[in-house]
Every structure is written in C-alpha cells, then in structure tokens.
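Report on the structure given below.
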Amino acid sequence: MIGKSALCTCLLLGAAMAARGQSRQENLNKCRSADPDIRIAGCTALIQAAQDTTQNLSVIYNNRGSANVSKREYDRAIQDYNEAIRLSPSIADNYRERGKAYYAKRDYDHAIQDFSEAIRLDPNVTSAYYNRGLAYYNKNDPDRAIQDFNEAIHRDPNDARAYNNRGNAYEVKNDHDRAIQDFNEAIHLSPNVASTYNSRGSAYEAKEDYDHAIQDFDEAIHHDPNYAAAYYDRGVAYYDKGDYAHAIQDYNDAIRLEPNFGYAYVNRGAAYLLQSHLTEAIADFEEVISHVPYSNTAVYAALMLHVAMKRQGHNDAHQLARVAAAADLSKWPGPVLKLDLGQMTADKVMVAATSGADQQKWDVCEANYFTGEDALFHHQRATALARLKAARDGCPKGDMQHSAALEELKRLDASSAPAK
C-alpha cells in the first residue's frame, strides 16, 4: 500500500509531469496502480527514464518496493527501499516500509532497527510502534512488545489490532486476566474478527475456564467456519473437560480443513486412547509418523503409539526406530524415546526431565506419565501407581498427560476391584 506521504508526493509528481506526454502520465498512473505487476512496470519505466527529481525517484522506488512486498519478493523490495532511503534518508515512511519487508522475512532484528529509525525521524508514526511491537513479540520479548503496543494504543485508542496483540503478549507472560481484558477491548472495537475470539478462548482455557473457552471458540467458528485452529482449540477444551467424544468431532473438522494438521492427529489419537479405542488411536499416531517422521510432533506420536501398541501386545520397534533416526534424542522428549527403545532407564529419564529449567514442570509431568506406563509394561505395579499419581497431581489440569494418567489410574482401579 502506498503511504499517505508517498501518495501526496506522487500527486505532486503527477501535476509536474502532466505536460510531458501521455505515455509518461500512463507510467505514472501505473506506478500508483493497486495491481502489483502493473505498478512495477510503471515505476520501472519511470526509473529507467531517469527524468525525475531525487525526491520523486525516492517515492517511485518506495512504490515499487511496496508492489514487490505484495508479490512476496521481499529481497527485491528491500533493494527498492534501500534506494528510496539513499535518495531521501530523512523520510520515515521509507524506513517503516523496509522494516515491514524485513518483518515479512522474519528478520526481526533489522525490522526493529528500521521501525526505530522511523520513530526517531517521526515520533508520530503510530504504525511504527505497532509494527515494532509485533517484531518484539515474534522475538519472544513480550515486555518490549507490550511497551510498543502501549504507545500505539495511547496514540490510537481505537486500534483493535494493538489491543489484540498486546493481549497475545500478556498471554506469553501467562498474565491471562490482562490478556482477556485486552481481547475484550479488541472485540468491543472490532466484533467480527474470529482470531480475537480464538485468542480469548485460549486465555480462558489456560485459566481452566473451559466453558467460557468453548463459547469463544464457538464464536470464532461462527465468524469463520473454515478456521481449523478454532476447531482444534475447541477440541482441546473439550478434551480438557474429559468430553472426548466432542473433542474427537472437533479434531475431525480440524483435520478435514487442514489434512496435515499433525497435532490434531496426535490429540485425536490420545482421545481415542483414553476411550480405549486402540485401533483408531494407533492409526492416528502412525499417520503423523508416516508424514513427518522428522518432526517433534512425530516424537510425541511415537511415544503415545508405544503406549497403545503395548496395550495391544504389539511390537512398535520399527516405528520407534524410524522416528529416533530423525530426532535429536538429546533434547526433550528424546530421553523418553530412548526409554522406549531400551536405551535409557526410567530413573535417568527422570533426571533428564529436571535438567531443563524453562520447561521443567512440563518435562517432569511427561516423564512421570511415560515412566509410569513403562513400569506397567514391566509389571512393576507399585512403581507405576506412584509415577502415574505423580503425573496426575503434578501435570497441569487438562494437559494430555494429566488426562492420560487420570484415565490410566481409573482403569487400574477398575481392574483391581474385587468381582461382585
């Protein structure tokens, strides 16, 4: 999109060139076209003609850069913005637009540098604060992201996107209440954005308020019936509530809309497993391993497949070996995979789970569940019960391993109950 300052300059450029011939006017019109190919052709013709002032050429390069961004030709766009900046180094819009191209390339450091320069040149460029906030958010720096979104909101209190993304940043900090407040405001300002309902639903889910979460996922799907992530997230909420039948229905829809949705297969397989539908569970886990054996998703699929296959008395060594060959077994949950392959003891798995400070709670949760299942396979009932109870009590409520441990303990309780 041509910025306001660029558009104004283009209009001046048009007035100055009106007397120079119809073909030149046509190229000028093309250089302002909404069609990126036409814009590139027109701007290129003007650049090659070499008849413009430095300021006008800067605008022309900026316009061609924006067309290249529309075509996802980010390197070409950056080259154009480089020229625009060389010709007019004090125009904030040139830095902001180049920053957006770097952002699209996921080069967040260069994007932040450009947005910062745009702000230095013109502190009133509200969108530069917003865009820099997005870059910080994607660098996993939620505090700086929040600062920039604060500034964007201060300058434009009606910017629903800034509230939404500040809410996302608060979610990264696990400040779910503030996140929900921001999502509320974003929905108030822009009530038809499906992703905002989905984000608020995820915040409610993190608070274990599954009913409100499901209501928001319902609303997200109402606004966008093809929103695969909303079906998946609603499936997770139903799973967390222990409503595995509804969870499976939602995972079905997520997979229908995105046939390569690996986590949807894993979660659906887990729901089948908890219902003791082992054949269906195995099929889902094998689907993931078949399509993306090199992914972290496949590692979790292999771990859950091992549980299902062992319950059926089948050998899954081939699938485990296939995933292990592509996985980094030094990183979690690699040690659990090594346990299933007979390459590591359960005690060493528990030690490995406590070595990663950032994810220690989750790793210990998973280690307790999977070593508990391993103890069951080796007929070590007392050890199995202790570790499964530790998973039940230590895993976050609604987590896959929490639910699996809970159902396994119920199953063991039922199997040990005296016959009537």
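The values are calculated or read from the model by the stated rules, or taken from the named source; none is laboratory data. Keep in mind the model is a prediction, meaning the values are calculated, not measured. Here the Cβ is made from the backbone with ideal geometry for all residues, glycine too, and neighbour counts use every protein chain on show.
Would you confirm, using the coordinates I've provided, whether residue 180 is in a helix (DSSP H, G or I), among the aliphatic types (A, V, I, L, M), closer than 30 Å to residue 280 by Cβ and more than 17 Å from the chain's Cα centre (by Cα)?
Taking the combined requirement at face value, the residue does not satisfy it.
Could you list, ordered by first residue, the pairs with Cβ atoms under 6 Å in which the first is in the stretch 177-194 and of a type in the set (Asp, Glu) and the second is part of a helix (DSSP H, G or I), at least 6 apart or interchain?
Correct list of pairs: 182/163; 182/166; 182/167; 185/163.
Would you be able to tell me the number of residues in the stretch 45-59 that are surrounded by 17 or more Cβ atoms within 10 Å (Cβ to Cβ) and not small (Gly, Ala, Ser)?
Total satisfying the criteria: 6.
Only one residue in 381, 311, 392 is over 32 Å from the mean Cα position of the chain (by Cα), charged (D, E, K, R) and within 16 Å of residue 274 (Cβ to Cβ). Which one? Spell out the reasoning first.
On the way: 381 fails: within 16 Å of residue 274 (Cβ to Cβ); 392 fails: over 32 Å from the mean Cα position of the chain (by Cα).
Just one listed residue meets the conditions, 311.
Condition (residue is touching a residue at least 60 places away in the same chain (Cβ under 8 Å), of a type in the set (Phe, Trp, Tyr), surrounded by 24 or more Cβ atoms within 10 Å (Cβ to Cβ) and under 24 Å from residue 273 (Cα atoms)) applied to the stretch 224-245: is it met by at least one residue?
Yes, because at least one residue in the stretch 224-245 is touching a residue at least 60 places away in the same chain (Cβ under 8 Å), of a type in the set (Phe, Trp, Tyr), surrounded by 24 or more Cβ atoms within 10 Å (Cβ to Cβ) and under 24 Å from residue 273 (Cα atoms).
Identify, please: which residue in the stretch 63-84 is outside any helix (DSSP H, G or I) and out of contact with any helix residue (DSSP H, G or I) (no Cβ under 6 Å at 6 or more places or on another chain) and is, among those, surrounded by the fewest Cβ atoms within 10 Å (Cβ to Cβ)?
Once the filter is applied, the top-ranked residue is 72.
Just checking, how many residues over the stretch 39-90 are more than 33 Å from the chain's Cα centre (by Cα) and of a type in the set (S, T, N, Q)?
Count: 10.
Taking the residues in the stretch 183-201 that are crowded, with 24+ Cβ neighbours inside 10 Å and not aromatic (Phe, Trp, Tyr) as candidates, determine which candidate is farthest from the chain's Cα centre (by Cα). Before you say what the answer is, go through the steps one by one.
Initially, the stretch 183-201 is screened for residues crowded, with 24+ Cβ neighbours inside 10 Å, giving 183, 186, 196-201.
Now restrict to residues that are not aromatic (Phe, Trp, Tyr): 186, 196, 198-201.
Working: 186: 19, 196: 14, 198: 12, 199: 11, 200: 15, 201: 15 Å.
Ranking the qualifying residues of the stretch 183-201, first place goes to 186.
Tell me, please, whether a residue that is closer than 26 Å to residue 283 by Cα and not aliphatic (A, V, I, L, M) can be found in the stretch 347-355.
no
Could you grab me the full set of residues in the stretch 202-239 that are of a type in the set (Phe, Trp, Tyr) and under 20 Å from the mean Cα position of the chain (by Cα)?
204, 217, 227, 231, 232
Only one of these is touching a Pro at 6+ places or on another chain (Cβ under 9 Å) and not β-branched (Val, Ile, Thr): 136, 130. Name it.
The unique qualifying residue is 136.
Pairs, please: C-beta under 9 Å, at least 6 apart or cross-chain, first residue more than 13 Å from residue 401 (Cβ to Cβ) and in the stretch 362-379, second part of a loop (DSSP other than H, G, I, E, B) and not aliphatic (A, V, I, L, M)?
Listed by first residue and then by second, the contacts come to 374/380.
Given the residues 242, 201, 235, which is the only one that is at pLDDT 95 or above and under 26 Å from residue 287 (Cβ atoms)? Lay out the reasoning, then the answer.
Values: 242 fails: at pLDDT 95 or above; 201 fails: under 26 Å from residue 287 (Cβ atoms).
Among 242, 201, 235, only 235 is at pLDDT 95 or above and under 26 Å from residue 287 (Cβ atoms).
Just wondering, is there one or more residues in the stretch 91-103 that are surrounded by fewer than 19 Cβ atoms within 10 Å (Cβ to Cβ) and more than 24 Å from the chain's Cα centre (by Cα)?
no
Of all residues in the stretch 86-112, which are free of Cβ contacts under 8 Å to residues at least 40 places away in the same chain, basic (Lys, Arg) and closer than 17 Å to residue 125 by Cα?
Hits for the stretch 86-112 are 98, 100.
Yes or no, residue by residue, for (1) surrounded by fewer than 18 Cβ atoms within 10 Å (Cβ to Cβ); (2) within 30 Å of the chain's Cα centre (by Cα); (3) over 24 Å from residue 265 (Cα atoms); (4) of a type in the set (Lys, Arg):
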position: 328; (1), (2), (3), (4): yes, yes, no, no
position: 348; (1), (2), (3), (4): yes, no, yes, yes
position: 354; (1), (2), (3), (4): yes, yes, yes, no
position: 361; (1), (2), (3), (4): yes, yes, yes, yes
position: 367; (1), (2), (3), (4): no, yes, no, no
position: 373; (1), (2), (3), (4): no, no, no, no
position: 385; (1), (2), (3), (4): no, no, yes, no
position: 415; (1), (2), (3), (4): yes, no, yes, no
